[in-house]
Every structure is written in structure tokens, then in C-alpha cells.
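*Asks:* Just passing along the structure, written as C-alpha cells.
The numbers here are math on the coordinates, done by the rules we state, and not lab data. Since we're looking at a predicted model, the values are computed, not measured. No Cβ is skipped: glycine too gets one built from the backbone with ideal geometry, and neighbour counts run over all protein chains shown.
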Amino acid sequence: MKIIQVSPYFPPHLGGVEYHVKELADGLAKRGHQVTVASSCGRWNNGFVRIPSIDLFYVPIPIKRPNLEADIYHSHVPSPLFAFVLRDSSPHVVTYHNDVVIPGNLNGHYLPRPVGAAVEGVNRKIIRPILDRAKIVISTTKSYAETSPILKDYIHKTKIVPNAVDVSLYPRKREKKGYVLYAGRLLHYKGIESLIQAMSEVQKKADLELVLVGDGYDRSRLEEMARRLDVRARFTGRLDRSRFIDTLSHAEVLVLPTQNRLEAFGIVLLEAMACETPVLAFKTPGVAEVAGEGGMIYSSPGELGEMILELHESPNLRMNLGRKGRMAVEEKYSWPRALDMMESVYREVA
């Protein structure tokens, strides 16, 4: 089939959606499909169409409609303007990665709630015509689709195709060392403050370091918070792929503390589970569904601290959760399975 993947951004631009689209495009091309990627930026070894755009606060605005011909048009949202331009293309498949929920602190700046609400309202007016005309809407988890204020109205034509990882890249049964890990962007909506707060109590009872991999606008503020609470925290910045996987594989536990629906899945959970590293996550729809496959779910900083200590004091529990997580990734979240499911969707609408 001739398939076009339409994504607002594409690697080397960083992000979970970008990573997903690249791996999807690579996998489909290896299976013999004629794949083209259309995006505002990036590069790809196969067919690539750069759409002239104006980048405005993580929402690239296309200034020219691309002339694209395909058997399948597959758009990825949020940042819905690219999908909106192609809304009349048929058959159109749309992966709805997450709701648009504007945080009160954006890139280190306070954002009044009325402004955020206005942006969310504009997004709803743009996204609904796209989903109305799409043949199939894809969500990465059932729980997120059922709780989304937008996606729940399209359940009748929603298919579940999860995110995935290349399991072979991640080592098993590495010796765990004395640290708790966070990996991701250092931004307010990620909920990292609650993890630092929990660790301030954990470190009174256990010799556990907090390691934070990644960078972002709130790094200096989070470093100051850790100093103020006397939390032993090591901020590594971004790591290259091999160092990141090594750091992930030696962690006692990975914590994903996001409470915002901007976090709909958490690919880093799969990466940790593939390393047999247990995971802890806040009870956010989607994220909690994934984390439950290889870890535990919490609902407060106090409960998070208790779970970190429980895992620290029970190597057998860590080992059992790690094995369970690795098995889940192999059986449910591998790229061969995700590609099988996506090809099934394409065949249904082609």
C-alpha cells in the first residue's frame, strides 16, 4: 500500500509522538509498503515531504497545502492543523495521541486559565471535524479513549493500537543500584515536584538517590526545590541513547509522576519494563493502564513514598514486577505486534 504518515513534527525533533511516527514509518517500509512522511521539520531516509509552516508554541501552522496522493492518509494529533488540512482526504486514519490540556505554567511562564481555556476551545473546534470525517480513529489505550472528553464521542469507530518499543534494544536482569529514576522533560506539568516531595521523606529512611534524566525550562526551579528540601538529587541533562538505556536498566524503580492528560501513555514506561525495571505511575488514564503491567499505581506523594520504600526493601517484589513488565512488553507492546494491528486497520479502510 502507498501510505502517508502526517505528523506536525518528526525526528530529530524530540517527543514521544515523533518517536512513534518514525518507528511506525520505518516498520511499514520494511514490510514492503511505500511510505512517505509529511511534516513541518525533520528528515527521513525514505520519502519525505517538508510542509512549509510557521511554528507557534508547539503548533506548526501549515502555510501551503501539500499535494499528496496515497492509498492511506494517516494523521497524528494533537497539533491538529496538518490533519485539518487533510480532513477531506480519503481514507483518513487519525491517531489521537492525547487531549490538549493547557498547563498553568508553560515553558516557565505563568499562563492565566482563561487563556488556556480559550486555546482548548479552539482545539476542540478544529479537531472534531477531523474526527467526524476520519474512517477510523486510533487511541493508544482503551482507558484513555473512554475518559477523553472528545474521544469518548468517537468510541464507535475507535481502534486501540498501543505504542511500542524494540524490545531487543533493552537488556534484561541488570543489577539494580541505589537510585530512583525519572526520565523525561523537566516541565511543570510532568508533576516532578511531587516526586521530589516524596523523596524528601524516603531519604530519611533509605539510602536512595534521585536521578533525573532530561532537560527543560523548569530544571533550575526543580534543582532549587531539591536543595531546599535537602533531597539528594542528580540532574544528568539529556543522555545519549546507550547511556540512557544503561541508566534505566540499573534503576531500582522508574517513576512517572505526571497527573495531566497531556501524558496519555508514557513510552518511557515500556522502556523501563523492557529492562525489567519496575515502574510507578500516578493514576492517570492511559498511563496507569500501561504501568499496571509492570509496576504499581499511586494517588498521592505519601503513597508514592511508601511504594518506593516497599520496592527498595523487597528485591523479590522488584524482580517479579520486572519480569512481569518485560513479558508484557514482549507480548503486547512490541513493534511486530503494533505493526500487525496497524496493517489490520489499513486493510479495513483501504
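*Asks:* Grab the beta carbon distance between residue 177 and residue 120, set R0 = 56 Å, and tell me the FRET efficiency rounded to 0.05. List each step's numbers first, then the result.
*Replies:* Working: r = 42 Å, r/R0 = 0.75.
With R0 = 56 Å, the Cβ-Cβ based efficiency is 0.85.
*Asks:* Per residue of the stretch 134-146, in order, report the coupling 6.51 cos²θ - 1.76 cosθ + 1.60 (Karplus, θ = phi - 60°) as ³J(HN,Hα) in whole Hz, putting x for Gly and Pro.
*Replies:* 5, 5, 9, 10, 10, 10, 7, 9, 5, 5, 5, 4, 6
*Asks:* Net charge near residue 36: determine it from the other residues with C-beta under 10 Å of the C-beta of residue 36, scoring Lys and Arg +1 and Asp and Glu -1.
*Replies:* Cβ neighbours under 10 Å give a net charge of 0.
*Asks:* Which net charge results for the neighbourhood of residue 198, defined as the other residues with beta-carbon distances under 13 angstrom from its beta-carbon, given Lys and Arg at +1 and Asp and Glu at -1?
*Replies:* On the way: positive: 204, 205; negative: 193, 201, 303, 306, 310.
Here the charged neighbours net out to -3.
*Asks:* Would you grab the residues whose amide H sits under 5 Å from the one on residue 159? Only those 5+ places off in sequence or on another chain, please, with H modelled 1.01 Å from N.
*Replies:* 137, 138, 139
*Asks:* If I stretch the segment between residue 319 and residue 64 completely, what's the gain in nm (0.36 nm per residue apart, minus their alpha carbon distance), one decimal?
*Replies:* Numbers: separation 255, 0.36 × 255 = 91.80 nm, distance 5.29 nm.
Taking 0.36 nm per residue and subtracting the Cα distance, the gain is 86.5 nm.
*Asks:* Where does each of 33, 97 land when they are ranked from fewest to most other beta-carbon atoms within 10 angstrom?
*Replies:* On the way: 33 17, 97 24.
By the 10 Å Cβ count, ascending: 33, 97.
*Asks:* Relative contact order for the chain: what is it in percent, counting Cα pairs under 8 Å that are at least 6 residues apart? Each step should come with its number before you reach the end.
*Replies:* On the way: 685 pairs, mean separation 50.9, N = 350.
Taking the mean separation of contacting Cα pairs over the length of the chain, I get 15 percent.
*Asks:* Further, regarding this structure: Amide H of residue 49: which non-local residues (sequence gap of 5 or more, or other chain) have their own amide H closer than 5 Å, using H built in the peptide plane?
*Replies:* So residue 49 has HN proximity to 37, 38, 39.
*Asks:* Now a separate question. By its C-alpha gyration tensor, with a ≥ b ≥ c as the square roots of the eigenvalues, how is the stretch 167-332 shaped: rounded for a/c under 1.5, else prolate for a/b larger than b/c, else oblate? If you can, show how the numbers build up before the last one.
*Replies:* Working: a/c = 1.37, a/b = 1.30, b/c = 1.06.
Rounded, since a/c falls under 1.5.
*Asks:* Give the residue from 309, 268, 242 lying farthest towards the positive end of the charge dipole for the stretch 167-332; charges sit on Cβ (+1 for Lys and Arg, -1 for Asp and Glu) and the dipole is referred to the Cα centre.
*Replies:* The listed residue farthest towards the positive side: 242.
*Asks:* Now for a different question. Roughly how many debye, to the nearest 20, is the charge dipole of the chain about its Cα centre, given +1 on each Lys and Arg Cβ, -1 on each Asp and Glu Cβ, and no other charges? Intermediate results must be reported in sequence, preceding the final value.
*Replies:* Numbers: 46 positive and 40 negative charges, 124 e Å.
Dipole of the chain, to the nearest 20 debye: 600 debye.
*Asks:* Using Cβ counts within 10 Å as a stand-in for footprinting exposure, how do 75, 249, 242 rank, fewest first? Let's see the in-between values first.
*Replies:* On the way: 75 25, 249 21, 242 9.
Listed from fewest to most nearby Cβ atoms, that is 242, 249, 75.
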